[in-house]
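Below: the structure, in structure tokens.
Please treat every number below as a calculation from the coordinates, not as lab data. These numbers come from a predicted model, not from an experiment. Cβ sites come from the backbone with ideal geometry, for glycine too, and all protein chains shown count toward neighbours.
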């Protein structure tokens, strides 16, 4: 039964990882860049919500409604200022600047908030601790279900937007060929900025639910970036539903690893990632590199 | 007209030169610097020698990261894999009775072997995927080391066996070993860049598909650089241990090493042979001055790295070298108009 329980918890954890990963996947799909500050931006969002929650004494979920527009604007600004310049400077420059940004965000948070570990769980109340008891050793937490539903909603929403709306078509066109898209009246800079804003918004959601589910500190960012990246690669680059599957596989690997020994939890996730990379699927990743697959 | 064998004369009146007066003087100056440095332990005290060892380690790290990113276009955020592996490899070997300094050399070689073993996996990845992929490898190996209680678990471990030497002698030996590694590694990199592989590497960095279509065997060239970088970073890790005598898993496998390497290379000048050396010296000076400022120091490093990447992509050395066409080491090719040859006109 404990194995079944571990798998259930892994699936729910996978929802959180998919939420972390979809912004990373979107930015890679549209702009071909991997934002190395993605995890730190998520943690920044969590701190933002933490400040609002403690200052106003409201629930983190309400505080999220205040923080989210700010983070969306921040994402838009990030693209317009830093990333647009980086993209112009060369293929490798976005990696260098986003890594620099990660260090700046992480240490600025450290300077302001101290290295203490914080949680949004207590402020959320019953939602963060309650669960449905299904069997003797099998309980399904409300929060896990909420995060999984949210992840499916966000990924499904993004998928629908990319497939059906005018904005989604513009985004796919820009991803395939920004110059040609520009010729037919779709300005790449605007599309890029909107994509980055969405990515930062989903990262904020993920960061906040990480804070409610467990805890966060200024140094939490890199680990979340790595989990997000693992989810994207396990699920197959360039596919949003694949990202959800990847997140769930990663989550199950971690909870099953923890079942053997808590020390093996994260290691098990890394090993699954490396095995996928070594498998024919990883080979495919390498061969398909120039094919220019879109996020849709 | 005199024809020097290093020049190849073309029909258009331009010659391709590999070396110039500056690079000949520069090469001699580098030899002189190495000779002066090697006598350093006889002149200065143990503290200065230890600091200079740190500087040499930084030079090695910066040059090795630059070999990957500046020449092969492989931005790694995971070279701490090899730093940590070199350091813990040294511990592992000394625990089994190998003499410490021999263990340092063997651990560096083992790091090269690890790089060779990892290359089929990580060299599949490109750009950002390679960056995060190497980072995951570093995290995984760090977790494996923590699991081994013989290596001190997560609490850290000391290098034993060096206390048979007095501190002054020990630091001198460590310094000489670091100097030897720096000379060998920079020499290997120089040979690699000077030969055909140098042009192939830069072609890969600029456009991998185009390079491959022109017949560059991209995988084997990238493999050579990745193994060299693994060897160099492993040596640096082992030397860090020999220099400080104590390591902790979290710090030796920490991503901050990648941050330092990126900073040194970006500030010095990415894709140049001399830039990372300058960057290492600058970083060493900054570290001496500001390392106590904690988070502000790191915010500054990150900010400066971003500024250099965006506004001065060729770094301090690019600023100096571009204007004056100075190359201390002759790794590139330069076009010169042949003097005293008015008969040849420029024709398209």
Beyond 26 Å, what share of the Cα-Cα pairs of the stretch B:37-255 remains, rounded to the nearest whole percent? 36 percent
Percent RCO, i.e. relative contact order, over the stretch A:2-290, from Cα pairs under 8 Å lying at least 6 residues apart: 38 percent
Could you work out the percent of alpha carbon pairs in the stretch A:186-259 separated by over 20 Å, rounded to a whole number? 42 percent
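Averaging the inverse of every distinct alpha carbon separation and then flipping it gives the Kirkwood radius. What is it for the stretch A:2-290, in angstrom units? Numbers along the way, then the final one.
Details: mean 1/r = 0.0516 Å⁻¹.
Averaging 1/r across every pair of different Cα atoms and inverting gives 19.4 Å.
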Mind giving me the nanometre distance, one decimal, between the label points for residue B:209 and residue A:275, set 7 Å out from Cα along Cα→Cβ? 3.4 nm
For the pair residue B:311 and residue B:285, what calculated FRET efficiency results from E = 1/(1 + (r/R0)^6), where r is the Cβ-Cβ distance and R0 = 30 Å, to the nearest 0.05? 0.90
Given R₀ = 51 Å, FRET efficiency for residue A:114-residue B:14 by Cβ-Cβ distance, to 0.05? 0.25
Residue separation between residue A:153 and residue A:263 times 0.36 nm, minus their alpha-carbon distance, gives in nm 36.3 nm
For chain B, what's the relative contact order in percent, using C-alpha pairs closer than 8 Å and at least 6 residues apart? 33 percent
How are the alpha carbon pair distances in the stretch A:125-248 distributed across 5 Å bins from zero to the largest one, expressed in percent? 2, 9, 14, 19, 18, 15, 10, 6, 3, 2, 1, 0, 0
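Using the Cα gyration tensor of the protein assembly as shown, with a ≥ b ≥ c the square roots of its eigenvalues, what is the shape: rounded (a/c below 1.5), prolate (a/b larger than b/c) or oblate (neither)? Numbers along the way, then the final one.
Working: a/c = 2.00, a/b = 1.36, b/c = 1.47.
In terms of gyration-tensor shape, oblate.
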Under the √(5λ) rule applied to the eigenvalues of the Cα gyration tensor, what semi-axes describe the equivalent ellipsoid of the stretch B:62-122? Give them in Å, descending. 25, 12, 9
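Return a whole-number percent for the relative contact order of the stretch B:71-182, with Cα pairs under 8 Å and 6 or more residues apart as the contact set. Could you put the intermediate results ahead of the total?
Details: 92 pairs, mean separation 37.9, N = 112.
Reported as a whole number, the value is 34 percent.
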Kindly put B:52, B:264 in sequence by how many other C-beta atoms sit within 10 Å of each C-beta, fewest to most. B:52, B:264
Please determine, in degrees from 0 to 90 and to the nearest 10, the orientation of helix B:295-311 with respect to the longest principal axis defined by the Cα atoms of chain B, where the helix direction is its Cα long axis. 20 degrees
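Please find the FRET efficiency linking residue B:194 to residue B:117, where r is the Cβ-Cβ separation and R0 is fixed at 22 Å, and quote it to the nearest 0.05. Mind showing how you got there, number by number?
Details: r = 28 Å, r/R0 = 1.27.
That gives a FRET efficiency of 0.20.
What value, in deg cm²/dmol to 500, does the helix sum -39500 (n - 2.57) over DSSP H runs of n ≥ 4 give at 222 nm once divided by the residues of chain B? Intermediate values should be presented prior to the final figure.
Numbers: 15 runs with 235 residues, N = 348.
Using -39500 (n - 2.57) per qualifying helix, the result is -22500 deg cm²/dmol.
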Using 0.36 nm times the number of residues separating residue A:85 and residue A:122, minus their current alpha carbon distance, what extension gain do you get? 9.2 nm
Scaled radius of gyration (Cα, divided by 2.2 N^0.38 Å) that the stretch B:1-127 gives: 1.51
Does anyone have the angle between helix B:256-268 and the longest principal axis of chain B? Alpha-carbon axes, 0 to 90°, nearest 10? 20 degrees
With n ≥ 4 as the cut-off for DSSP H runs, can you work out [θ] at 222 nm for chain A, using -39500 (n - 2.57) per run divided by the number of residues, rounded to the nearest 500? -25500 deg cm²/dmol
What ranking do A:52-58, B:250-256 get when scored by the average of other Cβ atoms within 10 Å per residue, highest first? B:250-256, A:52-58
Chain A: angle of helix A:221-235 to the longest principal axis, Cα-based, in degrees nearest 10: 80 degrees
Of the convex hull drawn through the C-alpha atoms of the stretch B:155-284, the volume per residue in Å³ is 125 Å³
